[in-house]
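One structure is given below, encoded as structure tokens.
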Amino acid sequence: MKRVLAIWELGGGLGHVRRLAPMLEALAQQGCEVQLAARDLMTVAQEFPQLTILPAPVPANQAQRQVARPRSLTEILQVQGADNPVALSAVLKAWQGLFSAVKPDVILLDYAPLALFAAAGGPVPVVHVGTGFTLPPDTSPLPDIRTAEDGYPDRLRLMETQVLASVREARTQIQLDTPDTLGGLFALVDRQVLATWPELDPFSHLRGPNSWTGPWSSVGSGCAPIWPDVGEGPRIAAYLKDMPVTRPLLAFLADRKVPTLCHAPPSVGPPEIETETLRMTQTPFQMGTALAHAQLGICHGGHGTTAAYLGAGVPALLLPMHVEQLLTAEQVAASGAGHWARADDVNGTLEALEKLLDDTESFSSATAPFQARHATQGGDRALARSVAAVESLL
């Protein structure tokens with residue numbers, strides 16, 4: 001029996017695991033033994049009880065290192081200890097110890113850069129799946145993700161020089177050669193699966209044609225959506241966290257009597273905040289079923305949810321909480337298929353929502369390219385291509 005080890009290290013929420021889970025399910029159905037290594041063991045185990053979960057190595061003192069506004073993926077790697085060869089070497093050796101114990105035939109990565117540093121160019125084939133942000137192009141230095149902000153010109157190159165020297169030293173200790181750039185190291189894997197569309201990829205201009213496999217998601221899971229029976233305006237399907245904008249946003253929608261179905265955690269408020277036009281659920285609802293009847297979506301810019309909205313022809317208001325979501329939100333706004341505001345900016349959020357409510361039809365028209373790509377490249381087709389990339393190495 002062939003064995004596949006999937007790995008997820010970084011990123012908030014469970015979007016990365018939700019992308020891996022359908023791949024692992026398909027591989028298991030074809031007779032593979034599949035396992036997932038992750039840091040957030042309890043959350044993953046609760047959400048995906050069918051998976052065998054292993055603990056992922058965590059860098060020492062990682063929780064003490066933070067950067068509020070990272071300039072590039074390289075700076076995020078610094079936070080993970082990639083600029084410290086001693087600490088990084090310990091993590092890479094721990095990963096190789098796990099590889100030796102599991103003995104996978106293929107390693108499948110989603111936003112797992114330290115595991116990639118331990119595996120790329122090694123004896124076990126590696127498949128790297130991700131979005132444009134988590135699967136960077138082969139450029140040097142890795143691209144700036146805050147191009148609208150000022151910064152001294154050599155910052156990105158200096159960061160990369162420091163991190164690359166540390167990575168090279170750590171990989172030498174596990175008998176692996178390292179390319180001359182971080183982009184080259186990310187490209188050293190056996191297969192890359194860009195699970196996105198060029199319109200959602202902030203680095204699409206740095207890639208060749210036909211680079212994108214397309215997104216898929218587990219949109220069929222969850223409870224059946226039950227819409228309000230009354231209301232005025234477009235139906236809104238919302239997935240929200242407990243953020244500063246959440247309660248004012250829901251109060252605004254209730255006051256405007258906009259028919260809204262919202263999944264949010266219990267901390268957002270008791271059932272009493274519901275109205276005849278605002279229906280709350282603590283259980284995630286079936287996104288695919290809900291989007292068949294929605295005209296507008298609201299979420300925080302998670303790639304899977306955003307792609308599901310746009311592929312169904314539903315424009316979106318995005319309220320990003322971190323840089324990966326921000327990049328997705330900026331791409332959507334540039335396409336004309338939605339607006340975005342910071343998740344702590346109440347006034348900006350309500351202004352953006354007003355624009356979407358006032359001209360939903362125009363924003364819906366801008367989703368046409370996403371709908372066309374989804375019909376020919378996304379969903380089950382994209383999932384099948386991603387699974388085929390793994391099978392080709394077994």
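Read-outs: derived from the displayed coordinates by stated rules, not from any lab. Fair warning: this is a prediction, and the values are worked out from it, not measured in the lab. No Cβ is skipped: glycine too gets one built from the backbone with ideal geometry, and neighbour counts run over all protein chains shown.
Brief remarks on what is shown
- Cβ-Cβ FRET estimate between S140 and H322, R0 fixed at 25 Å, reported to 0.05: 0.50
- Residue (of I7, V86, M23) at the positive-pole extreme of region 1-101, dipole from beta-carbon charges: V86
- If the chain linking T43 and H205 were pulled fully straight, counting 0.36 nm for each residue of separation and taking away their Cα-Cα distance, it would gain 54.7 nm.
- For the listed peptides 274-285, 14-25, a ranking on the average number of other beta carbons within 10 Å per residue, highest first, reads 14-25, 274-285.
- Distance cut-off 20 Å, percentage of C-alpha pairs in region 100-241 lying past it: 60
- Mean separation of Cα contacts under 8 Å (6+ apart) over length of region 29-188, as relative contact order %: 24
- Spin-label pair R3/R385, simplified geometry with 7 Å Cα→Cβ offset, distance in nm: 3.1
- Mean projected area (nm²) of the alpha-carbon convex hull when region 118-202 is viewed from all directions: 6.1
- Between the beta carbons of K103 and R155, assuming R0 = 41 Å, the FRET efficiency works out to 0.45 to the nearest 0.05.
- Among I273, I76, I298, the order by Cβ neighbours within 10 angstrom, fewest to most, reads I273, I76, I298.
- Peptide ranges 299-312, 226-239 listed from the most packed, as the mean C-beta count within 10 angstrom indicates: 299-312, 226-239
- Once both labels are positioned 7 Å from their Cα atoms along Cα-to-Cβ, the gap between A224 and A375 label points is 2.9 nm.
- Whether region 64-148 is rounded, prolate or oblate, judged on the alpha carbon gyration tensor where a/c under 1.5 counts as rounded: oblate
- In order along region 87-92, phi translates into HN-Hα couplings of 5, 5, 4, 4, 5, 5 Hz, rounded to whole numbers, per the Karplus curve 6.51 cos²θ - 1.76 cosθ + 1.60 with θ = phi - 60° and x for Gly and Pro.
- Neighbour-count order for L98, L77, fewest beta carbons within 10 angstrom listed first: L98, L77
- Volume per residue for the chain equals 134 cubic angstrom (convex hull of Cα atoms).
- Value of relative contact order over the chain, rounded to a whole percent, pairs C-alpha under 8 Å and six or more apart: 15
- Using distinct alpha-carbon pairs, which all enter the 1/r mean, Kirkwood radius of region 263-363 in Å: 14.2
- Summed over qualifying helices (DSSP H, 4 residues or more, each -39500 (n - 2.57)) and divided by its residue number, the chain shows a 222 nm mean residue ellipticity of -11500 deg cm²/dmol.
- Annotation for D359 and V86: the two label points, set 7 Å from Cα along the Cα-Cβ direction, are 5.8 nm apart.
- Overall form of region 288-327 per C-alpha gyration tensor (a/c, 1.5; a/b vs b/c): prolate
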